[in-house]
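The values are calculated or read from the model by the stated rules, or taken from the named source; none is laboratory data. Everything quoted here is computed from the prediction, not taken from an experiment. For neighbour counting, all protein chains shown are included, and Cβ atoms are generated from backbone atoms with ideal geometry for every residue, glycine included.
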Amino acid sequence: MNNKLEKNKKNPISENFKNKFEEEKGFSFAEDDNTNFSITVPSYFAQEQKKILHFFQPKSKVLHILDLGACQTFGTYQFKKIDLEIDFIIPRWHRSIILPNGDIYLFGGADAKNTQKKLNNCYIYDPVKLILRGIPNMKIPRSNHSVTFLKEYIYIIGGETIGEKAVADCERINIKSKVWEQLPPMSVATKGAMVCSFQDRFIYKIGGKKDEATLSTVIERLDINKKEWETIKYNISQELSKGGFSLLSLGSCLQINRNCIFVFGGSYPLPYEEKSAQSFILTLIQGEKEAIHRIENYDHFKLPVEDAFWNPQPIVEGETIYCLQNVSHEKQVGAVFLDRKRILKFEPEKGWSVLQ
């Protein structure tokens, strides 16, 4: 694995990136330093729980399950295809999440036959009856939203409504009471953003798209105690600002140690629809008076394949990250295979690898 800084290819979208930062007051220069890639957060799943990766296949009635424990035992990484006993088709651009106890939830999306119709339906998977059991609906129908879990709540962030319009609305559901709660809106309406929990107190929202042709340059975070969003001013190096760096949409991210969020993959907006293998660390440096955020170690560990994440939940097991990346069609621009995912593994000492 080449650990040296590699310059990302230039993209026309990034030519005016510095000006966008200055306009949105989120930009300043900094020098790169060596950020720690060590993974010290606890393993995601409860100790006795099966270690599962999953994805629902849009436009079908199929759930794909990958049992990491069984795969490691037998040395092969193969999904189990589950034909669900449901009377509807899995929506396009939905989002799903698996919780530490193994419960799998599905939220919203666009109607498979009419993608202009956004849905607020929500379900939990019943592994005994092989059904999706309905739970209370989201307050706002949406697709291409972001989802994460923290302290007994599943958070739904942004997304799009009718006419592919991005929304700033956010809500959360208590997994015990199944009651939805409206949250304050983000400062910037965003869809396809990267989100993760951080330090058991914050939900970070990174990048995404403001519309089909415009990336967001904003990072903001929700303080779940105060229920307030804060726009983050972050530092990048002068080299990055000139080298074609962008915050993308449809990437993946997670907290890996106390002060670092690992961000990787994603895609550019229309008209280019280019995919990316970029990665970086977002580091929080807590000063005496205020917190400083820095983007560091750009492309220190690039992904082995340029592509996005429609199922962006990474899983930590031990000191290893597992995640499922889209598999795009090699010849048909913009087309993604709906029935398969690329299984990626990250180890700090070895970098990324593809498992199947």
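Points worth noting:
- Leading residue by the ranking (nearest to Lys50 (Cα to Cα)) among those in segment 304-341 that are assigned to a loop (DSSP other than H, G, I, E, B) and among the small types (Gly, Ala, Ser): Gly318
- First in segment 342-355 and assigned to a strand (DSSP E or B), second anywhere and among the polar types (S, T, N, Q), Cβ under 6 Å, 6 or more apart: Arg342/Gln325; Ile343/Gln356; Leu344/Gln325; Lys345/Ser353; Glu347/Thr320
- Test: residue in segment 327-340 that is at negative phi, buried (at least 21 other Cβ atoms within 10 Å of the Cβ) and touching a residue at least 40 places away in the same chain (Cβ under 8 Å): no
- Identity of the residue in segment 243-302, without any contact (Cβ under 8 Å) to a residue 40 or more places away in the chain and in contact with a Phe, Trp or Tyr (Cβ under 6 Å, 6 or more places away or on another chain), that ends up surrounded by the most Cβ atoms within 10 Å (Cβ to Cβ): Phe280
- Residue under evaluation Arg95, criteria (1) in contact with a His (Cβ under 8 Å, 6 or more places away or on another chain); (2) within 23 Å of Lys151 (Cα to Cα); (3) surrounded by fewer than 17 Cβ atoms within 10 Å (Cβ to Cβ); (4) of a type in the set (Lys, Arg), criterion not met: (3)
- Meets criteria (over 26 Å from Ile65 (Cβ atoms) and of a type in the set (Ser, Thr, Tyr)) for Ser143: no
- Selection status of Ser246, within 19 Å of the chain's Cα centre (by Cα), outside any strand (DSSP E or B) and farther than 24 Å from Leu99 by Cα: yes
- Taking strands (runs of 3 or more DSSP E) as the structural unit, no element lying wholly within segment 22-83 holds at least 3 residues that are among the small types (Gly, Ala, Ser), modelled with pLDDT under 90 and surrounded by 12 or more Cβ atoms within 10 Å (Cβ to Cβ).
- Output for segment 124-142, where each listed residue is out of contact with any Asp or Glu (no Cβ under 8 Å at 6 or more places or on another chain) and not polar (S, T, N, Q): Asp126, Pro127, Val128, Gly134, Ile135, Pro136, Pro141
- The combined condition, being on the phi < 0 side of the Ramachandran plot, in contact with a Cys (Cβ under 7 Å, 6 or more places away or on another chain) and β-branched (Val, Ile, Thr), is not fulfilled by Ile162.
- Search result, residues across segment 84-102 that are among the acidic types (Asp, Glu) and touching a strand residue (DSSP E or B) at 6+ places or on another chain (Cβ under 6 Å): Glu85
- Scanning segment 191-235 for residues that are in a loop (DSSP other than H, G, I, E, B) and within 13 Å of the chain's Cα centre (by Cα) yields Gly192, Ala193, Gly207, Gly208.
- Top-ranked residue of segment 224-242 - restricted to ones that are free of Cβ contacts under 8 Å to residues at least 60 places away in the same chain and touching a strand residue (DSSP E or B) at 6+ places or on another chain (Cβ under 6 Å), ranked as surrounded by the fewest Cβ atoms within 10 Å (Cβ to Cβ): Glu230
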